[in-house]
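K.L.:
If you scroll down you'll find the structure; I have some questions about it.
The values are calculated or read from the model by the stated rules, or taken from the named source; none is laboratory data. As the structure is a computational prediction, the values presented were derived from the model and not from experiment. Using ideal geometry, Cβ is built from the backbone for each residue, glycine included, and neighbour counts are taken over all protein chains shown. Just the protein is used for accessible areas: all its heavy atoms, side chains included, with ligands, DNA and RNA removed. Shrake-Rupley method; radii C 1.70, N 1.55, O 1.52, S 1.80 Å.
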Amino acid sequence: MRDDYDFIIVGQGLAGTCLAHALRKQSQRVLVIDDHAQFSASMVAGGLYNPITGRNMVLTWMADELFTFLDPFYRQIERELAIKCLHPQPIFRPFGSVEELNEWQGKLSDQLYKPYVEGLITDPTENPMINNPFGGLQIKRSGYLDTKLLLSAYRDSLIKDKCYLDEKFNLNELNLQGQKVVYKAHSAGKIIFCEGPEVTANPWFEPVKIVPLKGEVITIKTAEPLNRIFNKGIFVLPLEASKNICIVGSTYLRNDSSWDPTEKGRSEIEQKLKNILSCKFEIIGHRAGVRPTVVDRRPVIGLHPENKNIAIFNGMGTKGVSLAPYFAELFASHLTQNRILLSSVNVTRFFT
């Protein structure tokens with residue numbers, strides 16, 4: 001392992017992995033530091049990506065940029081690592097009322113939504129596995145990312161290239177020496193913190209309003225196979241169709257940094273699932289993760305305003321699969337080519 005790098009990245013969740021990939025594409029020397037035995041929300045998440053979200057079914061922020069960039073970014077990683085981790089699939093979103101159906105019949109002609117809507121399904125019997133008396137919306141340019149496979153395979157690639165330290169980062173070992181940062185025996189031009197919710201304990205970024213958001217998911221086995229992703233209050237994601245295995249989630253509990261799944265979370269998901277699923281199921285797994293969200297619901301990216309050798313790439317939250325590729329590429333270009341960052345994501349907004 002070498003001792004001199006362009007960048008040190010702390011954290012190899014989805015954010016750190018995407019940023020490492022974007023920088024390495026630009027021939028930058030990157031050292032990633034991460035204790036892979038520690039909990040990571042990226043390893044727990046269902047990995048869903050969806051351009052139309054929320055209770056009001058609105059087009060997600062910057063959808064055109066994010067969803068144009070998402071597919072080629074992950075496909076390139078797949079080719080390099082010889083894996084299959086990106087799984088495009090339509091998402092079916094049942095309507096809650098006739099009024100909602102009528103509203104979307106009018107929206108179908110809207111050029112804003114056309115790239116992301118496959119069509120309406122008005123026949124409730126089209127999806128007999130779920131309760132959808134009013135039909136629903138079939139969303140496209142959606143699917144899921146196998147985050148566990150991606151992170152594991154990318155870690156193996158970093159280890160092979162001798163640019164991965166498998167340990168918990170110790171801030172006390174970091175020294176700032178002129179134009180360099182030094183961590184133990186390793187120096188770099190800059191250090192970038194991609195720590196997820198652990199950034200709340202990082203004194204350099206104390207003003208950043210990161211809010212830990214706990215989410216719980218269950219794994220179920222259904223009596224009959226499901227043929228697509230369903231999303232209404234919770235998501236139902238078929239993972240192993242031949243075995244009728246699905247991931248279902250998620251709960252949203254703020255300011256809880258515990259990684260322990262709870263009976264309350266399990267019950268909440270189970271009750272919502274019973275309201276949407278018309279077939280029998282059994283729960284065979286239950287886990288929790290803590291995601292980094294931001295008070296203004298925007299990523300936190302950029303150089304520390306007082307020390308340009310220290311940077312942050314964080315706050316991807318529940319939409320990390322769609323946000324991380326675009327903003328990793330943007331930040332990598334900012335670091336190497338002085339590309340301008342959007343003010344809405346720049347970390348300086350918390351220091352002014």
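K.L.:
Which aspartates and glutamates does residue 243 reach when only Cα atoms under 12 Å apart count, and residues fewer than 8 places away in its own chain are ignored?
P.N.:
224
K.L.:
Name the residues whose placed amide hydrogens come within less than 5 Å of the amide hydrogen of residue 135, ignoring near sequence neighbours (fewer than 5 apart) on the same chain.
P.N.:
95
K.L.:
Of all DSSP beta bridges in the chain, what percent run antiparallel (nearest 5)?
P.N.:
Working: 55 of 73 bridges.
The antiparallel proportion sits near 75 percent.
K.L.:
Another one. Report, in listed order, any pair from 140/319; 274/319; 107/140 with a Cα-Cα distance greater than 20 Å. Walk me through the intermediate numbers first.
P.N.:
Details: 140/319 16 Å; 274/319 25 Å; 107/140 15 Å.
Result: 274/319 exceed 20 Å.
K.L.:
Shifting gears a bit: Would you pull out the residues with amide H under 5 Å of residue 143's amide H, same chain only if 5 or more places away, H placed 1.01 Å from N?
P.N.:
Amide H neighbours of residue 143, under 5 Å, 5+ apart: 49, 89.
K.L.:
Please report the antiparallel percentage of the DSSP beta bridges confined to region 215-352, to the nearest 5. Mind dumping the intermediate values first?
P.N.:
Values: 25 of 26 bridges.
Antiparallel bridges: around 95 percent, rounded to the nearest 5.
K.L.:
Let me ask something additional. Would you work out which of 317, 301, 286 lies farthest towards the positive end of the dipole of region 280-329, given +1 charges on the beta-carbon of Lys and Arg and -1 on that of Asp and Glu, about the Cα centre?
P.N.:
The one lying farthest along the dipole's positive direction is 286.
K.L.:
Which value, in Å² and to the nearest 10, is the accessible area of residue 343 when all protein chains are kept and the probe is 1.4 Å?
P.N.:
100
K.L.:
Hey, another quick one. Once amide H atoms are placed 1.01 Å from N in the peptide plane, what residues at a sequence separation of 5 or more from residue 58, or on another chain, have their amide H within under 5 Å of its amide H?
P.N.:
Amide H neighbours of residue 58, under 5 Å, 5+ apart: 53.
K.L.:
Can you tell me which of 54-63, 150-159 comes out highest on packing, and rank the rest after it, using the mean Cβ neighbours within 10 Å?
P.N.:
Answer by packing, highest mean first, reads 150-159, 54-63.
K.L.:
Something else about it: How large is ³J(HN,Hα), in whole Hz, for each residue of region 231-246 in order, when computed from phi with the Karplus curve 6.51 cos²θ - 1.76 cosθ + 1.60 and θ = phi - 60°, using x for Gly and Pro?
P.N.:
8, 7, x, 9, 9, 10, 10, x, 9, 10, 4, 5, 10, 6, 9, 9
K.L.:
Karplus couplings for region 268-274 from phi (6.51 cos²θ - 1.76 cosθ + 1.60, θ = phi - 60°), rounded to Hz, Gly and Pro as x?
P.N.:
4, 5, 4, 5, 5, 5, 5
K.L.:
Give me a comma-separated list of calculated 3J(HN,Hα) values for region 126-140, in order, Karplus coefficients 6.51, -1.76, 1.60 applied at θ = phi - 60°, integers in Hz, x for any Gly or Pro.
P.N.:
For region 126-140, the Karplus curve yields 4, 10, x, 7, 10, 8, 9, x, 10, x, x, 9, 9, 9, 10 Hz.
K.L.:
If you don't mind, another one. Order 259, 204 by their accessible area, 1.4 angstrom probe, all chains in place, largest first.
P.N.:
Details: 259 55, 204 80 Å².
Sorted by accessible area, descending: 204, 259.
K.L.:
Further question: Going by average Cβ neighbours within 10 Å, how do the peptides 114-124, 182-192 rank, with the highest at the top?
P.N.:
On the way: 114-124: 14.5, 182-192: 19.2.
So the order, starting with the most tightly packed, is 182-192, 114-124.
K.L.:
Under 25 Å Cα to Cα from residue 162, which lysines show up? Leave out anything in the same chain fewer than 8 places away.
P.N.:
Of all the lysines, those that pass the test against residue 162 - Cα under 25 Å, at least 8 places apart if same chain - are 25, 84, 148, 180, 184, 190.
K.L.:
Roughly speaking, to the nearest percent, how much of the chain's 1.4 Å accessible area is carbon and sulfur?
P.N.:
Working: 7660 of 15880 Å².
Ligands and nucleic acids excluded, carbon and sulfur reach 48 percent.
K.L.:
What does the helix-only formula give at 222 nm for the chain: each DSSP H stretch with n ≥ 4 adding -39500 (n - 2.57), the total divided by the residues, and the result rounded to the nearest 500 deg cm²/dmol?
P.N.:
Roughly -8000 deg cm²/dmol at 222 nm, from the helical runs in the chain.
K.L.:
For region 158-287, build the charge dipole from Cβ charges (+1 Lys, Arg; -1 Asp, Glu) around the Cα centre, then report which of 202, 164, 174 sits farthest towards its positive end.
P.N.:
Projecting each Cα onto the dipole axis, the largest value belongs to 164.
K.L.:
Please work out the Cα center distance from region 50-97 to region 187-262, rounded to the nearest Å.
P.N.:
16
K.L.:
Write down the accessible area per residue of the chain in Å², having rolled a 1.4 Å probe over the full set of protein chains.
P.N.:
Per residue, the chain has 45 Å² of solvent-accessible surface.
K.L.:
Right, next: Magnitude of the Cβ-charge dipole of region 7-76, K/R +1 and D/E -1, about the Cα centre, nearest 20 debye? Write down the numbers at each step before the final one.
P.N.:
On the way: 5 positive and 5 negative charges, 26 e Å.
I would put it at about 120 debye.
K.L.:
Placing unit charges on C-beta atoms (Lys and Arg positive, Asp and Glu negative, everything else neutral), compute the dipole magnitude of the chain about its Cα centre in debye, rounded to 20.
P.N.:
Numbers: 41 positive and 38 negative charges, 52 e Å.
Charge dipole, the chain, about its Cα centre: 240 debye, nearest 20.
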